[in-house]
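Every number here is computed from the coordinates shown, using simple stated rules; none is lab data. Quantities reported herein were computed from a predicted structural model and do not represent experimental measurements. When we count neighbours, we look across all protein chains shown, and the Cβ atoms used for this are built from the backbone with ideal geometry, even at glycine.
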Amino acid sequence: MSYEIDYVKKIKCPCGKGTIEYKKMSNDWNQTKESIFILCNDCKDIYEVVTESVCNKPKHGFNKYYCKNKLSNQKTEIEI
Ligand SMILES: [Zn+2]
């Protein structure tokens, strides 16, 4: 079934010249999914987006996103 986009948020990429685009989507059954892409030609070669699931309580999990530098493995949290 198809998902509809609930909202899109654009965040500055690490170099500041482009953006990182975050999308939250849901379908008719209230299932949600999220996606995040680096929309910057410089940063997408240097960084990759990694997702970490944080689960405090059952059904209250959420995701944290980081830009990970492919060379240094240093992670910077993306504030969404
Ligand atoms: Zn950039």
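Ranked for footprinting exposure by Cβ neighbours inside 10 Å, fewest first, ILE11, ILE20, ILE36 give ILE11, ILE36, ILE20.
Phi-derived couplings, Karplus 6.51 cos²θ - 1.76 cosθ + 1.60 at θ = phi - 60°, listed residue by residue for segment 75-80: 10, 10, 5, 8, 7, 10 Hz, with x used for Gly and Pro. Restricting the chymotrypsin sites (Phe, Trp or Tyr not before Pro) of segment 14-80 to loop positions (DSSP other than H, G, I, E, B) with no more than 14 neighbouring Cβ atoms within 10 Å leaves TRP29. Quick one: Debye curve from the alpha-carbon atoms of the chain only, equal weights, vacuum; give me log10 I(q)/I(0) at q = 0.25 Å⁻¹ to two decimals. The calculated log intensity ratios at q = 0.25 Å⁻¹ are -1.17. Projecting the Cα atoms of LEU71, TYR22, SER2 onto the dipole axis of the chain, where Lys and Arg carry +1 and Asp and Glu carry -1 at the beta carbon, places LEU71 farthest toward the positive end.
Within the same chain, aspartates and glutamates fewer than 8 places from LYS33 are excluded, and of the rest, those with a Cα less than 13 Å from its Cα are GLU4, ASP6. Once the chain from THR32 to VAL50 is taken as fully extended at 0.36 nm per residue, the excess over their C-alpha distance is 4.6 nm. Of LYS10/LYS57; LYS9/LYS59; LYS12/LYS59, which sit over 26 Å apart, Cα to Cα? Distance filter (> 26 Å) returns LYS10/LYS57; LYS12/LYS59. By the Cβ distance rule (another cysteine Cβ under 4.7 Å), the unpaired cysteines of the chain are CYS15, CYS55, CYS67.
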